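Remarks on the structure that follows.
The values are calculated or read from the model by the stated rules, or taken from the named source; none is laboratory data. Being a predicted model, the structure only gives us computed values, none of them experimental. All Cβ positions, even for glycine, are placed from backbone atoms using ideal geometry, and neighbour counts span all protein chains on display. The area values use the complete protein model at the heavy-atom level, side chains included, leaving out ligands, DNA and RNA. Shrake-Rupley method; radii C 1.70, N 1.55, O 1.52, S 1.80 Å.
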Amino acid sequence: MRQWRKAERERLIAARLALPADTRAALSTKLAERLDDEIGDVRGRMVSLYWPFRGEPDLRPWLASINRRGGRTALPLVVEKGKPLVFRAYAPGDRLEKGVWNIPIPAEGEAVLPDIVISPVVGVDPRNYRLGYGGGFYDRTLAAMASKPLVIGIGYELQRIATIHPQPHDIPMDRVVTVSEA
């Protein structure tokens, strides 16, 4: 199973990276619109997003709009391998530093508990199980949270697969939002 997941990750990431940059940008705009429909009013809500990596949808403009509309935003950060993620408050303009894999993370700020977690997918199946990068960070984090946030997986339609072959530790997302070029 480990070999299958590794090969499937590589295949799906390659397919995502094969999309032209302008196509990914247009699809990111569509995803932001779909997320607004899914979530509704963001005032007073803490929304965790992510910094785009390896062709993931770039929702940074949408993140900024959440703050303008009265919501708050956070980014996840890896504190230690094998441990849950920590969410740190972040708004555009806050100082960033390089985290694991050189992904920018908030340099300082309070740890927060998000009401909504937007999670990028490498792959996703019809039961809303997410295939990620293989570190288990999102599943471990969700399992450790005292109160479960609304978890929305996002990606491109080409990332939908028949199954991820869920393992006992895998936690399905509440919703999945994808978009396609068509």
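Structure data summary
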quantity: Dipole magnitude of the chain about its Cα centre (Cβ charges: Lys, Arg +1; Asp, Glu -1), debye to nearest 20; calculated: 360 debye
quantity: Highest-MSF residue in the chain out of Leu158, Leu19, Leu113 [GNM, Cα springs under 10 Å]; calculated: Leu19
quantity: Hydrodynamic radius of the range 95-139 per Kirkwood, over alpha carbon pairs, in Å; calculated: 12.9 Å
quantity: J(HN,Hα) series, the range 156-171, from Karplus relation 6.51 cos²θ - 1.76 cosθ + 1.60, nearest Hz, glycine and proline x; calculated: 9, 3, 5, 8, 6, 10, 5, 7, 9, 6, x, 9, x, 7, 6, 10
quantity: Range in the chain, longest, excluding exposed GluC sites (Glu not before Pro) [loop by DSSP; at most 14 other beta-carbon atoms within 10 Å]; calculated: 1-79
quantity: Estimated distance in nm for a label pair at Leu113 and Phe53, the labels positioned 7 Å out from Cα along Cα-to-Cβ; calculated: 2.5 nm
quantity: Highest-MSF residue in the chain out of Ile116, Ile105, Ile161 [GNM, Cα springs under 10 Å]; calculated: Ile161
quantity: Cut-off 12 Å between beta-carbons: net charge of the residues surrounding Ile164, Lys and Arg +1, Asp and Glu -1; calculated: +1
quantity: Given the chain, longest segment not containing exposed loop trypsin sites (Lys or Arg not before Pro) (DSSP; at most 15 other Cβ within 10 Å); calculated: 128-182
quantity: Accessible carbon and sulfur surface of the range 32-163 relative to its total accessible area, %, 1.4 Å; calculated: 50 percent
quantity: Surface per residue (accessible, 1.4 Å probe) for the chain, Å²; calculated: 50 Å²
quantity: Cα centroid separation, the range 1-21 to the range 33-76 (Å); calculated: 25 Å
quantity: Relative contact order, percent, the chain [alpha-carbon distance under 8 Å, six or more residues apart]; calculated: 22 percent
quantity: Span-rule helices in the chain, defined as complete DSSP H runs reaching 18 Å or more along the axis (Cα) with Kyte mean at least -1.0; calculated: 21-39
quantity: Top of Ile152, Ile39, Ile118 by mean-square fluctuation, Gaussian network on the chain, Cα under 10 Å; calculated: Ile39
quantity: Sparse-neighbourhood loop sites, chymotrypsin sites (Phe, Trp or Tyr not before Pro) in the range 111-182 - DSSP loop, at most 16 other Cβ within 10 angstrom; calculated: Tyr133
